[in-house]
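The values are calculated or read from the model by the stated rules, or taken from the named source; none is laboratory data. All figures in this text were calculated on a predicted structure; none of them were measured in a lab. Ideal geometry is used to build each Cβ from the backbone, glycine not excepted, and the neighbour counts take in all protein chains shown. Remember, those area values only see protein heavy atoms, side chains included, never the ligands or the DNA or RNA. Shrake-Rupley method; radii C 1.70, N 1.55, O 1.52, S 1.80 Å.
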Amino acid sequence: MADMEKQSVFLGLQLPRYMVEEIYKFATNTLCTEPKHDDEFLECDIKNGCLKNGRYVMRGLVSNVMNCDAIKQIVHDPVLLNIVRQYLKYWPTLITQHLTWSFASELPVAEIKKIYPPTNFHYDVAGYNFMTIYFYITDVDADSGPHIMIKNSQKQKPLRMLLAPNRQSDEEVYGYYGKESELVITGKSGFGFVQDPSCIHKVKPPKISNRLLLQIRYS
Ligand SMILES: [Fe+2]
């Protein structure tokens, strides 16, 4: 946990293979929605980042994730809860979970940034004290949707960023924190990490393959 205090991230969790497979299967067989849109779709309905009707879909939130036994087990896992407790300094009372596809797309990054907000640097404001555990369910390399974060940015933010948590330009973030504070998190399926979501982060849009991410937020 020293990592967590120092850098606002703790790398090195690992899900067992059978759980990764169960979650992946659940995600491919369950309908998804995209925020701000009504249509429901399966992951296999997305070809080259598009639905049949030509609409670009950036992400798919898998429905009813607590119907997946593996996810239910992870959410209540005592080891994870203990990690969270050490950081929060209390037992979390609210746990929310999301299983999300990010779809590979050939759209220019500037276009993607407009329609998929989390691809812009931002920080999450979800409460006074909270933290998030992330698990990659697909293999994630530099071209398949890595999570990118700015180490230690939870503590110190310039006023203009405090006033506008949602979208920070790359130039502004690198200019303030330095490119060397950036951490690009890659990992094989099942790899997990803990991050204080009030630090500055973004998703790099996947270019080659779809990314599936399980996110559990504790507060
Ligand atoms: Fe976020």
* Which of (1) over 19 Å from G145 (Cβ atoms); (2) touching a residue at least 12 places away in the same chain (Cβ under 8 Å); (3) among the acidic types (D, E) does D77 not meet, given it meets every other one? -> (2)
* Asked: Among the residues of the range 1-42, how many are at pLDDT below 90 and of a type in the set (K, R)?
  -> 1
* Residues located in the range 93-116, provided they are open to solvent by less than 50 Å² (accessible area, probe 1.4 Å) and within 13 Å of the ligand (Cβ to nearest atom) -> T100, S102, Y116
* Structure fact -> Within the range 134-186, residues acidic (D, E) and out of contact with any Pro (no Cβ under 8 Å at 6 or more places or on another chain) come out as D139, D141, D170, E171, E172, E180, E182
* Residue in the range 141-197 that is farthest from K113 (Cα to Cα), counting only those that are assigned to a strand (DSSP E or B) and open to solvent by 30 Å² or more (accessible area, probe 1.4 Å) -> F191
* If you go through the range 205-219 one residue at a time, how many are within 13 Å of the chain's Cα centre (by Cα), of a type in the set (K, R) and surrounded by fewer than 21 Cβ atoms within 10 Å (Cβ to Cβ)? -> 1
* When the residues of the range 121-140 are filtered to those that are in a loop (DSSP other than H, G, I, E, B) and modelled with pLDDT of 95 or more, which remaining residue is farthest from the ligand (Cβ to nearest atom)? -> D139
